[in-house]
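All remarks here apply to the structure that follows.
The values are calculated or read from the model by the stated rules, or taken from the named source; none is laboratory data. All of these numbers come straight from a predicted model, not from anything done at the bench. Virtual Cβ from ideal backbone geometry, glycine too; neighbours counted across all protein chains shown.
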Ligand code: SF4
Ligand code: SF4
């Protein structure tokens, strides 16, 4: 994540980045939105041409151009296979910053950016969602997607410090994340438990902020910079910062002042053999979905496999080959709900074919997106650390 920069310099950086593209088209078949729509404008190459045109003034900042930049999942699949090493995801963030400055970014994005900018706003949302369940309104509005959200935590139920039971071998921070803290406290509590079990004292600084992913991806470099500053003040770079959600880790790791570690890889290397052992329950068929941020940005897939191996879990179906992105992609699942459902459908089909009863995934966005209709398809979704802590 870079500091806010003037538009002129931003446009120059974008054009330099885009110029590296030799238009070979090797990335096209790896792009989930190109596979869905089969149009150049919905491909990485098409988006590079649009972004470069906008930055140089050759293309007008109009809705019909901007929409193709907005529909990018920022999954990084194109970047991973690009022989010219185009820094695609950096370029798309720069392009979105230009769009944001011109006040042309989507209203949904702006709303979520506003919402995640302050924890107080999220606390009000948590209270409203709690009321929605408590008053029975949820039962009356079962057709609404909001009715399928998991129960929210009424308060931020984490303590500031969790000492390891035996003499500690070290101290770590836990990053809580804004959405995960609302909807998935069981993963955070499970992470604390496993880290303690592996001999680490866990500190949860209350002054930490959102990772800034929503702000970055909607082009609001100013708000992204504020989150970055707050996190720099909350965490010392000398202490490992453990992150459970791969989307947050992918953004945080861009800051050289933070010592970011993906929880799966960290636990795999901290495990002494045996202390994380968790054989699957009989009759449980497990599917593993590795989020695109974990595969392409963190390059941490091996860490997940190592953790599952350390826990004695070798029998699972890898669902990741079904799609390069499940369609969650931050706010994409709200902004492009129909396409997000189409991308997810491939996973649901495989889950049904294989009769999978439990899906393990490592990003809060993927977890919520997959959970949305999981009840109908009769499977559960959770983070591997939750599964290991429960077993
Ligand atoms: S982004 Fe890379 S792979 Fe895609 S067209 Fe450009 S040079 Fe080729
Ligand atoms: S980041 Fe993903 S969705 Fe966006 S252009 Fe690249 S492959 Fe396509």
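Some observations on this one:
- The listed residue being surrounded by fewer than 17 Cβ atoms within 10 Å (Cβ to Cβ), more than 15 Å from ligand 2 (Cβ to nearest atom) and not in a helix (DSSP H, G or I), out of 9, 58: 58
- Test: residue 243 is closer than 21 Å to residue 160 by Cα and touching a strand residue (DSSP E or B) at 6+ places or on another chain (Cβ under 6 Å): yes
- Selection status of residue 231, in contact (Cβ under 8 Å) with a residue 60 or more places away in the chain, in a helix (DSSP H, G or I) and surrounded by 22 or more Cβ atoms within 10 Å (Cβ to Cβ): no
- For segment 234-251, the tally of residues that are touching a helix residue (DSSP H, G or I) at 6+ places or on another chain (Cβ under 7 Å) and either under 28 Å from residue 95 (Cα atoms) or assigned to a helix (DSSP H, G or I) (or both) stands at 7.
- Each residue in segment 246-285 was checked for being modelled with pLDDT of 95 or more, touching a strand residue (DSSP E or B) at 6+ places or on another chain (Cβ under 8 Å) and buried (at least 20 other Cβ atoms within 10 Å of the Cβ), and 11 of them qualify.
- Considering 180, 166, 191, the condition of being out of contact with any strand residue (DSSP E or B) (no Cβ under 8 Å at 6 or more places or on another chain) and more than 27 Å from residue 134 (Cα to Cα) is satisfied by 166 alone.
- Complete set of residues in segment 68-117 that are under 18 Å from the mean Cα position of the chain (by Cα), within 15 Å of ligand 1 (Cβ to nearest atom) and over 18 Å from residue 324 (Cβ atoms): 90
- Test set (1) assigned to a helix (DSSP H, G or I); (2) under 19 Å from the mean Cα position of the chain (by Cα); (3) surrounded by 23 or more Cβ atoms within 10 Å (Cβ to Cβ) - residue 329 fails condition number: (1)
- Residue check, residue 344 surrounded by 15 or more Cβ atoms within 10 Å (Cβ to Cβ), assigned to a helix (DSSP H, G or I) and free of Cβ contacts under 8 Å to residues at least 40 places away in the same chain: yes
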